[in-house]
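The values are calculated or read from the model by the stated rules, or taken from the named source; none is laboratory data. This is a predicted model, so every value here is computed, not measured. Cβ coordinates were reconstructed from backbone atoms using ideal geometry, including for glycine residues, and neighbour counts include every protein chain displayed. The area values use the complete protein model at the heavy-atom level, side chains included, leaving out ligands, DNA and RNA. Shrake-Rupley method; radii C 1.70, N 1.55, O 1.52, S 1.80 Å.
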Amino acid sequence: MSFRAREMYKKVVRRVGGEGQLPAELMESVKNMLPNNKVVMGRAKRGIFAGRHIQFGNKVSEDGGNKSRRSWKPNVQEKRLFSYIHDRHIRVKVTTHALRCIDKAGGIDEYLLKTPYNKMDTEMGIVWKAKIEKMYSELAGMEIGFFPPEEETKIEQSFEEAHAANRESRREARRALAKQKLLKAGNCNDDQTTEVADTKEDMPPVAA
């Protein structure tokens, strides 16, 4: 077991309450579900990387062949992925390889369901996978009712009537607001004309 997997296993055991609280078969299955990756990268906890992590190697000079250590970081992008089970967009940091895997699987939900726990490699991916599996299990236990075609047409007509009434109310509100603006503009013009007439009356007559 790698260092990361061992540390995650210790966290799980600590939260449960001790090594002897659960049967050995269950703890062995937990060990098999943890990612067995040797590379420790802090930001990998906050995204879906699909097995792409920091790579290490040498930078070789052209003249003397001198070697110096260097590293290659994965191409990480921040994307908004739509989740059908949550019915909203999820903002997550993913690698370009993970994006291709998600597109191939058919979406973020399908990718998380098809990928086993020991290949998720990130704590965030494991948490999202557990959430989606729980929601799918809850949906599977729900009872689904179907309406006859006549009831469906009535429901659609009621929705269309509600939308039409809403549109008409918005139109009436806009018309009333436009009338108020016109009345205010007319009152301002009347006030200006009366002020001009008063100034004309106050002016002294011009000598011929």
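Structure data summary
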{"read-out": "From L81, L22, residue being open to solvent by less than 70 Å² (accessible area, probe 1.4 Å), modelled with pLDDT under 70 and within 26 Å of S137 (Cα to Cα)", "value": "L22"}
{"read-out": "Set I108, I132, I155: member being at pLDDT 75 or above and in contact with a Ser or Thr (Cβ under 6 Å, 6 or more places away or on another chain)", "value": "I108"}
{"read-out": "Residue match in the stretch 92-99 (condition: in the same structural domain as M135 (by the TED database), open to solvent by 100 Å² or more (accessible area, probe 1.4 Å) and out of contact with any helix residue (DSSP H, G or I) (no Cβ under 8 Å at 6 or more places or on another chain))", "value": "no"}
{"read-out": "Candidate set from the stretch 41-74 (those that are within 24 Å of L113 (Cα to Cα), in contact with a strand residue (DSSP E or B) (Cβ under 8 Å, 6 or more places away or on another chain) and open to solvent by 70 Å² or more (accessible area, probe 1.4 Å)); member that is modelled with the lowest pLDDT", "value": "R43"}
{"read-out": "Filter pass, I126 being of a type in the set (A, V, I, L, M, F, W, C) and in the same structural domain as H89 (by the TED database)", "value": "yes"}
{"read-out": "Any hit, the stretch 107-128, residues being surrounded by 14 or more Cβ atoms within 10 Å (Cβ to Cβ) and more than 26 Å from A5 (Cα to Cα)", "value": "yes"}
